[in-house]
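Participant: Before anything else, here's the structure in question.
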Amino acid sequence: MSLVVFLKGINVGGHRTFRPSVLASRLEHFDVVNVGAAGTFVVRKRIARTKLRGEVAHRLPFAAEIIICDGADILRLVARAPFVGQPAGEGIVRFVSVLARARSSAPRRLRLPSSGPWTVKVLGRQDRFVYGLHRREMKAIGQLVHLEKVIGAPMATRQWSTIQTLAQILKGD
């Protein structure tokens, strides 16, 4: 099964910028597919995680948190359809955060801030994934950083549509 690579904090707010398509082309011998501009890749060729992490790190122009998960885990999450019945649309973003390592202490439900109108809502978790909703506003970034501290592990956050795109690519393998 394919592996999926998530780079944390890439191409956000003009910091640590690079072109993921260039990285994917430099890793073409591993049959890498770039998904979007946030540093998300499907690696189709069989490779050990440690070797893959080294290959990616060697080709990045800066140090970055590299989170790798099995494609099968993505497919299981999408098959579960965690956002059925949840609001979507203008002003609300469905997100999935991929943890660098599994944390049994990761909350199943959480609302940030804890009082007043919510900015981030954690709806649940599955293995190394924490999923929920956040409002499309600048405060959400700070609340997602706070969520990472609550969980106690680095995490890369992507929109649900990116996770669905990954699933489509993985199903084609």
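Each value in this text was obtained by applying a stated rule to the coordinates, not by laboratory testing. Computed from a predicted model, the values in this text were never measured in an experiment. We place every Cβ from the backbone using ideal geometry, glycine too, and count neighbours over all the protein chains shown.
Participant: In debye, nearest 20: dipole of the chain around its Cα centre with unit charges on the Cβ of K, R (+) and D, E (-)?
Facilitator: Here the chain has a charge dipole of around 340 debye.
Participant: Follow-up question, since we're still on this one. What are the residues whose amide H is under 5 Å from the amide H of Lys8, where those residues sit 5 or more places off or on another chain and H is modelled from the backbone?
Facilitator: Counting only residues 5 or more places away or on other chains, the set is Glu65, Ile67.
Participant: What aspartates and glutamates sit close enough to Lys45 to cross-link, taking a C-alpha to C-alpha distance under 13 Å and skipping anything fewer than 8 places away on the same chain?
Facilitator: Glu28, Asp31, Asp70, Asp173
Participant: Identify, among Leu110, Pro87, Asn11, the residue whose Cα sits farthest towards the positive end of the charge dipole of the chain, taking +1 on the Cβ of Lys and Arg and -1 on the Cβ of Asp and Glu, with the dipole about the Cα centre.
Facilitator: Leu110
Participant: Extending each Cα 7 Å along its Cβ direction at Ser115 and Ala102, get the distance between those two points in nm, one decimal.
Facilitator: 3.7 nm
Participant: Still on this structure, I have one more. As a check on your grasp of the helix formula, calculate [θ] at 222 nm for the chain: sum -39500 (n - 2.57) over DSSP H runs of n ≥ 4, divide by the residue count, round to the nearest 500.
Facilitator: It lands at -9000 deg cm²/dmol.
Participant: OK, next. So, by mean Cβ neighbours within 10 angstrom, what's the order for 141-148, 64-71 with the highest one leading? Mind dumping the intermediate values first?
Facilitator: Numbers: 141-148: 16.8, 64-71: 18.8.
Order by mean packing, descending: 64-71, 141-148.
Participant: With r defined as the distance between the Cβ atoms of Gln126 and Arg59 and R0 fixed at 25 Å, what FRET efficiency is calculated, to the nearest 0.05? Intermediate results must be reported in sequence, preceding the final value.
Facilitator: Working: r = 31 Å, r/R0 = 1.22.
Once the sixth-power term is evaluated, E becomes 0.25.
Participant: What whole-number distance in Å separates the alpha-carbon centres of region 128-163 and region 12-54?
Facilitator: 21 Å
Participant: What is the set of long-range amide H partners of Leu123 at a cut-off below 5 Å, with H atoms built 1.01 Å from backbone N?
Facilitator: Hits under the 5 Å cutoff: Tyr131, Gly132, Leu133.
Participant: Using only the alpha carbons of region 67-173, determine the length spanned along each of the three principal axes and report them from longest to shortest in whole angstroms.
Facilitator: Projected onto its principal axes, the Cα set of region 67-173 covers 45, 30, 21 Å.
Participant: If you don't mind, there's one more thing I want to ask. How high is the FRET efficiency between Ile141 and Val84 when r is their beta carbon distance and R₀ equals 22 Å, given to the nearest 0.05?
Facilitator: 0.25
Participant: Based on the Cβ-Cβ distance from His29 to Ser161, what FRET efficiency comes out when R0 is 25 Å, to the nearest 0.05? Don't skip to the answer; put the middle values down first.
Facilitator: Numbers: r = 29 Å, r/R0 = 1.15.
Efficiency computed from Cβ-Cβ geometry: 0.30.
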